[in-house]
Amino acid sequence: MESFGELKVALLCRGIKLGVNIDRGRKGGAGPAGGRYIILPSGRCVNAAMWGRFVEKSPYVLVERDEKFYVIKEDGEKVSEVGLVPYPQFYRKCTSNGTPMWKVALLHGTDCLATTVFQKCIYWSKGLGCKFCGIELSLKYGKTILLKKAREFREVVDAAVGEGVCKHITLTTGTPGTPDKGANLLAEIVREVKNHYEIPIHVQLEPPNDLRYIEELADAGADTVGVHIETFDKKIFREVCPGKGRIGMEKFYETWARCVELFGECQVSTYVIVGLGEGVESVLKGSEKAAEIGVIPYIVPLRPIIGTPFENRSPPSPEKLTYIYREVAQILRDYGIDPRKNLAGCVRCGACSALTEAYENNL
Ligand code: SF4
């Protein structure tokens, strides 16, 4: 293992088994769930999977060095000493209406307060959910609440800021059956937080029917936005995202272009999942088209989540993903897109991707 960037990619793709008794994090939920945040000696954070069938085959084991530090071992050999992001104090608190704060929002990475504002999705209700997505599982497991209200979320921000663990915020949402696709719910929370804090906020949603809903998010004060196409392969998009895939890819380019006008270059991103069956060429060509209009293709490996149709899939190999990161990083440099300029959310957090490490030639 040459670099911590390579170790990060390996942990993202393989996950890590536990040789120590610690909580493994949330099993289900939106985004790359099923893990804990490990701090590498580089200071960077990685969302290392600890749940999932693929993890059982991982060569990596986390063992305890002392009460503060851990050691990653590979086939019994020490690979690196690491830290583990501790659960914040606010997890022990409740909001004014008695909801445990960890059911309202979670600490992502080292300093990002994140929540899924609406924990259901219209496509799930029609059996058309994205096959890698576990959004409603954490609700089913009683690990969260359906709708995060603006005031309640702001109380969690108060606690997290008070504790010094909230430097930026990620607000994502399942898609409600409304034309705004969740923009109104997101905007309400953005306004509530911005009325009390100058904390950068990232919002994520699928393209709304009308782009005025994106303008509403910008007016509310959101700083960055994620509109996730998941894959640039048209056929796989329709197969793997049977509901969202009906929107068509053109709508994503149209929405991205308007987002870049409103939020600026480097402030708009899309998740691009590697490991859905796509070819490397489609990832690189699509990433170039996105970068061309100022959008950051946030490359992440498939995270097979227990309870989803893709639970038995395997993430891509670290070698394949490393090649893609290096190629996409060069594309970003060619178009003058610097992921380190991103103000809030996943690109800034970086725990689920090694794109920034590749951009900095640390991979
Ligand atoms: S990159 Fe995004 S989803 Fe991943 S831990 Fe950070 S904020 Fe959460």
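The values are calculated or read from the model by the stated rules, or taken from the named source; none is laboratory data. Since we're looking at a predicted model, the values are computed, not measured. So basically every Cβ, Gly included, is an ideal-geometry build from the backbone, and we count neighbours across all protein chains shown. These accessible areas exclude ligands, DNA and RNA; they are computed on the full protein's heavy atoms, side chains included. Shrake-Rupley method; radii C 1.70, N 1.55, O 1.52, S 1.80 Å.
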_At most 13 other Cβ within 10 Å, DSSP loop - GluC sites (Glu not before Pro), the stretch 33-107_ = GLU67
*Going by the alpha-carbon gyration tensor, a ≥ b ≥ c the square roots of its eigenvalues, is the stretch 79-130 rounded (a/c under 1.5) or, if a/c is not under 1.5, prolate (a/b greater than b/c) versus oblate?*
oblate
*Out of PRO304, PRO176, PRO200, any idea which swings most in a Gaussian network model of the chain, alpha carbons joined below 10 Å?*
PRO176
_Antiparallel versus total DSSP beta bridges in the chain: what percent is that, nearest 5?_
50
*For the stretch 250-289, list residues with backbone N below 19 Å from a point placed 7 Å from the Cα of ASP210 toward its Cβ?*
251-252, 254-256, 258-259, 262
*For the stretch 240-311, what is the convex hull volume of the alpha-carbon atoms per residue, in Å³?*
101
*Among LYS17/LYS320; LYS181/LYS341; LYS131/LYS181; LYS120/LYS143; LYS73/LYS140; LYS17/LYS143, which pairs are too far apart, with a Cα-Cα distance over 24 Å?*
LYS181/LYS341; LYS73/LYS140
*Potential extension, SER314-VAL280 segment - 0.36 nm per residue separation minus Cα distance*: 10.6 nm
_Relative contact order for the chain: what percent, with Cα pairs under 8 Å and sequence separation of 6 or more?_
18
*Once you have a ≥ b ≥ c as the square roots of the Cα gyration tensor eigenvalues for the stretch 4-359, tell me rounded if a/c is under 1.5, and otherwise prolate or oblate according to whether a/b is larger than b/c.*
rounded
*Contour minus end-to-end for ILE306 and ARG53, with contour as 0.36 nm per residue of separation and end-to-end as the Cα-Cα distance?*
90.3 nm
_Rounded if a/c under 1.5, otherwise prolate or oblate - the stretch 71-212, Cα gyration tensor axes_ = oblate
*Carbon and sulfur atoms: what percent of the 1.4 Å accessible area of the stretch 4-359 do they account for?*
49
